[in-house]
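The values are calculated or read from the model by the stated rules, or taken from the named source; none is laboratory data. All of these numbers come straight from a predicted model, not from anything done at the bench. Quick reminder, even Gly has a Cβ in these numbers, built from the backbone with ideal geometry, and neighbours come from all protein chains shown.
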Ligand SMILES: [Zn+2]
């Protein structure tokens, strides 16, 4: 009798152990461990981000697996960080360049995520572009005359009353007596001083001639050219009033003694002109109206006309081999 009781107890233990084993196994089946984390984005590194337009989406796919080899995936969003305050980032993994960021700005982004002991971290690089159609009104007047990437040309005018509020006379040698046209915007003036100093160090003496040009002065010059040469020629050498980027304050015409202190095409062949052509972009300037690009820019070759774009954008435009006008519509 005693022996049978023990057998019963033993059977009961076996049943309970079996049952708890099943329960435990069932519990294990519910447990999923992270086996893989992948980061996805719709915008590859190296892309152009249009300011306030392009939305970069980042997404994390986490793959989980249980003891029976069954997998499931879950979507999360990574933590996105940038090295500066140029972007707006939302919690659901969307990055957008802030509205005031200008063309050619470098954006570095890191997207990272970790879960269950695994982690993923990827770096992205982008460059920005302002959309031309976002910076012009229905009258063909640019809405961003103050921006260093403003494009002013025969299709994109500048308001007659526009005058930059930070004009200064750069501390360089001038071949000019009119104090108004000696002016440039402060940032460009400082860059011009560096450019002239570097030229001097390389053995080339440059002279500044003509920078800021207000609307009424443009009108006088234009009318003079029309009266002297006729309208067709006048349009290739001077801008109709309100169509000159000199009004932005981002421009300086320069020359050298070997070009007779003049604004002439042969400046481009002088040692000074060649040095400027090869080096201006290091200081934030480009030669806007280049040889062979007359059909695109609408202007004759002007090796003396320096346009300030900033130290990030100017080298990019220079290295692209494109005119600034072409670069902006890529
Ligand atoms: Zn000029």
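Taking the criterion of being at pLDDT below 95 and either part of a loop (DSSP other than H, G, I, E, B) or closer than 23 Å to residue 271 by Cβ (or both), would at least one residue in region 191-214 satisfy it? Lay out the reasoning, then the answer.
Step one: filter region 191-214 for residues at pLDDT below 95, giving 213-214.
Then keep just the ones that are either part of a loop (DSSP other than H, G, I, E, B) or closer than 23 Å to residue 271 by Cβ (or both); that gives 213-214.
Yes, region 191-214 contains at least one residue that is at pLDDT below 95 and either part of a loop (DSSP other than H, G, I, E, B) or closer than 23 Å to residue 271 by Cβ (or both).
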Residue pairs within 6 Å by beta carbon, gap of at least six or interchain, first lying in region 282-302 and not assigned by TED's automatic domain parsing to the domain that holds residue 315, second within 12 Å of the ligand (Cβ to nearest atom) and modelled with pLDDT under 95, listed first then second, are none
Kindly indicate whether any position in region 217-225 is under 17 Å from residue 283 (Cβ atoms), within 12 Å of the ligand (Cβ to nearest atom) and within 31 Å of the chain's Cα centre (by Cα). no
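This table checks each residue for (1) modelled with pLDDT of 95 or more; (2) under 23 Å from the mean Cα position of the chain (by Cα).
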residue	(1), (2)
274	yes, no
284	yes, yes
295	no, no
301	no, no
304	yes, no
310	yes, yes
316	yes, yes
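Wholly within region 72-184, which strands (runs of 3 or more DSSP E) include no fewer than the required count, namely at least 2 residues that are loosely packed, with under 14 Cβ neighbours inside 10 Å and either free of Cβ contacts under 8 Å to residues at least 40 places away in the same chain or in contact with a strand residue (DSSP E or B) (Cβ under 9 Å, 6 or more places away or on another chain) (or both)?
Working: elements: 79-82, 87-89, 94-97, 106-115, 118-129.
Qualifying strands (runs of 3 or more DSSP E): 118-129.
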